[in-house]
Amino acid sequence: MSILIKNASILSFDNGGELSCFEGDIFVKGDIIENVGRELNVEADVVIDGKDKAAVPGFVNAHTHAAMTLFRGYADDMSLDIWLNEKIWPVEAKLTPEDVYWGVKLAVLEMIKGGITAYGDMYFFMDEEAEAVKEAGIRASLSVGLIAVSGDPSKKLKEAENFVARWNGEAEGRITAMFGPHAPYTCPPDFLKEVVSAAEQYGVGIHTHLAETKKEVEDIYKLYGKSPVEVYEEAGVLDLHVLAAHCVHLTSKDIEILKNNGVFVVHNPQSNLKLGSGVAPVPEMLKRGISVALGTDGAASNNNLDIFEEMRTAALLHKGVNCNPTLVTASEAVKMATLWGAEALGLKNVGRIEPGKKADIVLLDFNAPHLQPKIDNLAHIVYSAGSADVDTVIIDGKIVMRDREVLTLDEERIFQEVQKRVQRLISN
């Protein structure tokens, strides 16, 4: 199938990597963007009028736990250790594979409606998540969450290996896989070394939580006499492609280690604020040349999967905390939500609207009061727009949402299934 988007305001990267907007057309053939320019003279199976619309690269939610939409609003206003140990982990023990399948469908529905075309996830019952992703038409990097301080770690690692072997590259390449050691406080160094060996064998990366709370850092220092980042470096984790979520509590040495090892950091500002985990040193990481992506974390700790809110929070938070209005610019915030997010997931052909790239494109309807006057569309995307402004979503060259209607999912059925399952899960 071919698609022609005409007369849109296209958000693109120039040769220096800076973002700019220009009026033009986008021609998609199959799953690839074939041409971008002004007044393209081509025929297409589908023609979309881009007047009053901004065409942006598909947004990337680089760190979440999709099935945790099931626990949205269940455990609020408490610290991370209490939140996990007393509320989330006990109710997660009741989950069935089918629960995860429907929780993921709810998450994917929300993400597509918010312009997210790719996401990174770490959880369990991942076969069911992969099936939901395949059916929905979204792009995802999936990892089996690995915890070595309970149960049989070797059995869990084998499950992760089987998942990677089965799903990496599936769904016409929309599904990729990583290994997911949960965190340094749940995965001792010896186990981490086993995970590294498995990841090297399968040629995939690592998705993990790192330095999220002060308590984590203090506990790891007591155990090993070094920071969580140093523990990962010593175990060989950072030798691989690493997506490290949070990275809130870092020393200058930690930041240098992350930079030297090419680690991709995923900033989750709203989750970190809600859980009282702190504020990540994002301006310092950006200054050092670290690619920082954006994530929502799970809907149980956020409580939504809205990348527009994360962009705006990231741009505003660091200005306020540092009393410096020049930090985390609108351009940087958009890069964090698109190009750098794609790179964090290991997606080399995603994140830009230019010939030869995968056709993951979002159209925002700018015909709204809060997006007028038309002065600076880039600023509007970060500081004014919201998920409700997403009109059309194209993923891998297929129209997944048109005029706010998701074409690949049954919204009413998802709501019914989720409500029924949640009532069972949270009942005593």
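The values are calculated or read from the model by the stated rules, or taken from the named source; none is laboratory data. Just so it is clear, the model here is predicted, and its values are computed rather than measured. Note that each Cβ is placed from the backbone with ideal geometry, even for glycine, and that neighbours are counted across all protein chains shown. Ligands, DNA and RNA are excluded from the accessible area calculation, which covers all protein heavy atoms including side chains. Shrake-Rupley method; radii C 1.70, N 1.55, O 1.52, S 1.80 Å.
Overview of results
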| item | result |
| --- | --- |
| Qualifying positions in the stretch 216-238 - assigned to a helix (DSSP H, G or I), farther than 15 Å from Ala280 by Cα and out of contact with any Pro (no Cβ under 6 Å at 6 or more places or on another chain) | Glu218, Asp219, Tyr221, Lys222, Leu223, Tyr224, Glu230, Tyr232, Glu233, Glu234, Val237, Leu238 |
| Checking His182 against (1) free of Cβ contacts under 8 Å to residues at least 60 places away in the same chain; (2) within 22 Å of Asp127 (Cα to Cα); (3) open to solvent by 10 Å² or more (accessible area, probe 1.4 Å), the condition it does not meet | (1) |
| Qualifying residue in the stretch 8-27 (condition: part of a strand (DSSP E or B), within 30 Å of Glu98 (Cα to Cα) and of a type outside the set (Asp, Glu)) | no |
| Pairs, first more than 9 Å from Val229 (Cβ to Cβ) in the stretch 248-275, second of a type in the set (D, E, K, R) and not in a helix (DSSP H, G or I), C-beta under 7 Å, six or more apart | Val248/Glu212; Lys259/Arg288; Asn268/Asp297; Ser271/Asp297 |
| Residue check, Leu378 open to solvent by 20 Å² or more (accessible area, probe 1.4 Å), over 30 Å from Val100 (Cα atoms) and more than 19 Å from the chain's Cα centre (by Cα) | yes |
| Test: Ala244 is in contact with a strand residue (DSSP E or B) (Cβ under 6 Å, 6 or more places away or on another chain), of a type in the set (A, V, I, L, M) and either farther than 28 Å from Phe59 by Cβ or touching a residue at least 12 places away in the same chain (Cβ under 8 Å) (or both) | yes |
| Test result for Gly169, open to solvent by less than 10 Å² (accessible area, probe 1.4 Å), modelled with pLDDT of 95 or more and under 18 Å from Leu345 (Cα atoms) | no |
| Number of the exception - Val279 against (1) at pLDDT 95 or above; (2) open to solvent by 10 Å² or more (accessible area, probe 1.4 Å); (3) within 16 Å of the chain's Cα centre (by Cα) | (3) |
| Strands (runs of 3 or more DSSP E) lying entirely in the stretch 78-184 (those with 1 or more residues that are of a type in the set (Ser, Thr, Tyr) and in contact with a Lys or Arg (Cβ under 9 Å, 6 or more places away or on another chain)) | 116-123, 175-181 |
